[in-house]
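S.K.: Here it is: the structure, laid out below.
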Amino acid sequence: MKVFCAAERQRAHYPRNFLVNGARQPNPEVPERLDRLLQSVVVEGHDIEEPSDHGLGPIAAVHTPEYVRFLSRIYERWARIPEASEEVTPNIHPDCRSTAYPLSAVGQAGYHMADTACPIGPDSWESIRWSANSAASAAQHVSDGAHCAYALCRPPGHHAFSDLAGGFCYVNNSAVAAAVLRHRHARVAIVDVDLHHGNGTQGIFYRRADIFTLSVHADPIRFYPFFWGHAEERGEGPGLGYNRNLPLPRGSQDDTFLDALDRGLESVQAFAPGALVVALGLDAFEGDPFGGLSVTTEGFGRIGERLGQLGLPTTIVQEGGYLCDALGDNLASFLTGFEADGAVK
Ligand SMILES: [Zn+2]
């Protein structure tokens with residue numbers, strides 16, 4: 001399978017901190033994640049390619065101009081504030097985001113950042129942009145006729161809304177891939193198997209009937225992102241019925257996850273998409289530091305197999321999955337499972 005990754009550029013972003021239960025902790029979305037995943041695809045013999053520079057177009061297709069400007073310029077402005085933190089980190093949030101747009105860097109950080117898990121440092125924008133380029137290149141490759149491609153995106157993207165960063169995510173790479181595929185296909189489905197609900201992806205397409213969004217995840221009633229991901233959220237206006245959430249009890253194992261995925265995929269098949277985006281989080285793993293669900297390495301192979309059996313042109317976009325011994329094995333297991341059904345490689 002062709003793998004798209006701009007390793008050097010996507011490694012540069014190095015967030016240092018985030019708050020856990022209010023306490024400052026080292027940020028787990030570290031460059032080493034990329035190294036482990038890259039090593040896995042090298043060992044498995046996949047064909048790695050540098051993405052092309054798609055400019056701002058694919059990002060602007062799913063994010064507001066205010067937000068794109070914020071991401072690209074805020075670090076420089078923040079660094080000029082006397083005694084400001086080393087990374088852009090919000091300390092105030094609006095109660096309602098439909099009011100006037102703030103002019104100050106501090107106001108804009110609050111406006112555009114949902115939590116403290118997505119600090120912006122000197123090299124962040126470079127990595128964010130190239131992570132999105134990897135998604136766009138993989139989607140373009142599939143759009144051009146390949147059966148599948150894997151975008152090794154880092155930083156991840158599925159918590160990013162059209163104008164809001166959150167949960168280690170800035171630009172929504174899965175949404176970028178779907179938007180690229182939409183040029184060729186009338187209907188595109190996004191299936192998110194990350195431990196956490198894909199709230200940003202849901203938000204971006206919530207009022208649209210041309211992109212179906214499915215997410216299987218740990219029940220947000222007691223888990224991040226808390227305020228999104230409940231089964232009752234089904235889309236809005238023209239998008240009503242085009243979003244499906246399948247929250248699972250904490251600690252759910254392979255069979256429970258796969259049962260839910262099978263139910264969700266029935267909806268995907270009824271939507272009859274021309275192409276698929278898989279938002280591939282590997283943090284539902286039983287040994288992941290987030291400890292929310294208990295999917296095994298073998299379980300990722302079964303998840304990959306189910307998605308491969310859909311037989312759709314597919315762009316696989318890397319989302320979460322944090323440092324643990326099996327991180328690379330889980331990716332290999334998923335990709336092997338996906339290709340098991342005799343799909344063209
Ligand atoms: Zn996650």
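The values are calculated or read from the model by the stated rules, or taken from the named source; none is laboratory data. Remember, it's a predicted structure, so these values are computed and weren't measured experimentally. When we count neighbours, we look across all protein chains shown, and the Cβ atoms used for this are built from the backbone with ideal geometry, even at glycine. Each accessible area value is taken on the protein alone, full model and side chains, heavy atoms only, with ligands, DNA and RNA left out. Shrake-Rupley method; radii C 1.70, N 1.55, O 1.52, S 1.80 Å.
S.K.: Give me the tail of P(r) for the chain as a percent: Cα-Cα pairs with distance above 25 Å. Don't skip to the answer; put the middle values down first.
M.R.: Numbers: 27379 of 59340 pairs.
More than 25 Å apart: 46 percent of the Cα pairs in the chain.
S.K.: How large a share of the accessible area of segment 1-91, in percent, is made up of carbon and sulfur atoms when the probe is 1.4 Å and the other protein chains stay in place?
M.R.: Values: 2440 of 5110 Å².
Carbon and sulfur: 48 percent of the exposed surface of segment 1-91.
S.K.: Let me ask something else. Give me the accessible area of LEU312, 1.4 Å probe, in Å² rounded to the nearest 10.
M.R.: 30
S.K.: Right, another one. Largest first, what is the accessible-area ranking of ILE92, ILE221 with a 1.4 Å probe? Before the final figure, lay out the partial values.
M.R.: Working: ILE92 100, ILE221 120 Å².
The ranking, largest first, comes out as ILE221, ILE92.
S.K.: Taking Cα pairs under 8 Å and at least six residues apart, what relative contact order does the chain come out at, in percent?
M.R.: On the way: 809 pairs, mean separation 61.1, N = 345.
For the chain, the relative contact order is 18 percent.
S.K.: Gap in Å between the Cα centre of segment 135-199 and the Cα centre of segment 280-345?
M.R.: Cα centroid of segment 280-345 versus Cα centroid of segment 135-199: 16 Å apart.
S.K.: Please identify the chymotrypsin sites (Phe, Trp or Tyr not before Pro) of segment 202-273 that satisfy two criteria: DSSP loop assignment and at most 14 other Cβ atoms within 10 Å. Which are they? Write down the numbers at each step before the final one.
M.R.: Working: sites: PHE205, TYR206, PHE212, PHE223, PHE226, PHE227, TRP228, TYR242, PHE257, PHE271; in loops: TYR206, PHE223, PHE226, PHE227, TRP228, TYR242.
Within segment 202-273, the qualifying chymotrypsin sites (Phe, Trp or Tyr not before Pro) (loop, at most 14 other Cβ atoms within 10 Å) are PHE226, PHE227.
S.K.: Multiply the residue gap between GLU50 and ALA100 by 0.36 nm, knock off their C-alpha separation, and tell me the result in nm, one decimal place.
M.R.: Values: separation 50, 0.36 × 50 = 18.00 nm, distance 4.04 nm.
Computed gain between GLU50 and ALA100 is 14.0 nm.
S.K.: Rank ASP259, ASP192, ASP95 by accessible area, highest first, at a 1.4 Å probe radius?
M.R.: On the way: ASP259 95, ASP192 5, ASP95 155 Å².
Highest to lowest solvent-accessible surface, that is ASP95, ASP259, ASP192.
S.K.: Which angle between 0 and 90 degrees, to the nearest 10, do you get for helix 297-308 versus the longest principal axis of the chain when only C-alpha atoms count?
M.R.: Computed tilt is about 80 degrees.
S.K.: What FRET efficiency comes out for the pair ASP144/ARG187, r = Cβ-Cβ distance, R0 = 25 Å, nearest 0.05? Mind dumping the intermediate values first?
M.R.: Values: r = 19 Å, r/R0 = 0.75.
Approximately 0.85, to the nearest 0.05.
S.K.: Still on this structure, please answer the following. Within segment 125-265, what whole-number % of the accessible surface is contributed by carbon and sulfur, with the 1.4 Å probe and all protein chains included in the calculation?
M.R.: Numbers: 2180 of 4450 Å².
Summing carbon and sulfur atoms, their accessible area is 49 percent of the total for segment 125-265.
S.K.: To continue, here is another question. Suppose the chain between ASP123 and ASP35 were pulled fully straight at 0.36 nm per residue; how much longer would it get relative to their current alpha carbon spacing?
M.R.: Details: separation 88, 0.36 × 88 = 31.68 nm, distance 1.74 nm.
Extending this stretch completely gives an extra 29.9 nm.
S.K.: Next up: Mind ranking THR116, THR99 by accessible surface for me, highest first, 1.4 Å probe?
M.R.: Values: THR116 30, THR99 85 Å².
Descending order: THR99, THR116.
S.K.: Right, another one. Positive end of the dipole of segment 6-150, charges at C-beta (+1 Lys, Arg; -1 Asp, Glu), about the Cα centre: which of ALA139, GLY57, PHE70 has its Cα farthest in that direction?
M.R.: Checked the options; the winner is PHE70.
S.K.: With a 1.4 Å probe and all protein chains left in place, how much accessible area per residue does the chain have, in Å²? All intermediate terms of the calculation are to be shown ahead of the outcome.
M.R.: Working: 13700 Å² over 345 residues.
Here the residues of the chain average 40 Å² of exposed surface.
S.K.: Can you send over the solvent-accessible area of SER104, 1.4 Å probe, protein chains only, in Å² to the nearest 10?
M.R.: SER104 has an accessible surface of roughly 60 Å² with all protein chains in place.
S.K.: Then there's this: Tilt of helix 31-43 relative to the longest C-alpha principal axis of the chain, in degrees (0 to 90, nearest 10)?
M.R.: 20
S.K.: Compute the angle between helix 254-271 and the longest alpha-carbon principal axis of the chain, please, reported from 0 to 90 degrees and rounded to the nearest 10.
M.R.: Tilt relative to the chain: about 90 degrees.
S.K.: At q = 0.14, 0.26 Å⁻¹, what is the base-10 log of I(q)/I(0) for segment 1-73 according to the Debye formula with one equal point scatterer per Cα and no solvent? Please give it to two decimals.
M.R.: Cα-only, vacuum Debye calculation for segment 1-73: -0.69, -1.11.
S.K.: Quick one: give the max-minus-min coordinate of the C-alpha atoms of segment 144-246 along each principal axis, largest first, in Å.
M.R.: 42, 32, 24
S.K.: Which of ALA260, VAL277, ALA160 sits farthest toward the positive end of the charge dipole of the chain, with +1 on the Cβ of Lys and Arg and -1 on the Cβ of Asp and Glu?
M.R.: ALA160
S.K.: When the chain is treated as a GNM, springs tying every alpha-carbon pair under 10 Å, which of PRO51, PRO26, PRO247 comes out with the largest mean-square fluctuation?
M.R.: PRO26
S.K.: Would you work out what percent of the accessible area of segment 268-345, with all protein chains in place, is carbon or sulfur (probe 1.4 Å)? Write down the numbers at each step before the final one.
M.R.: Values: 1120 of 2430 Å².
Its accessible area is 46 percent carbon and sulfur atoms.
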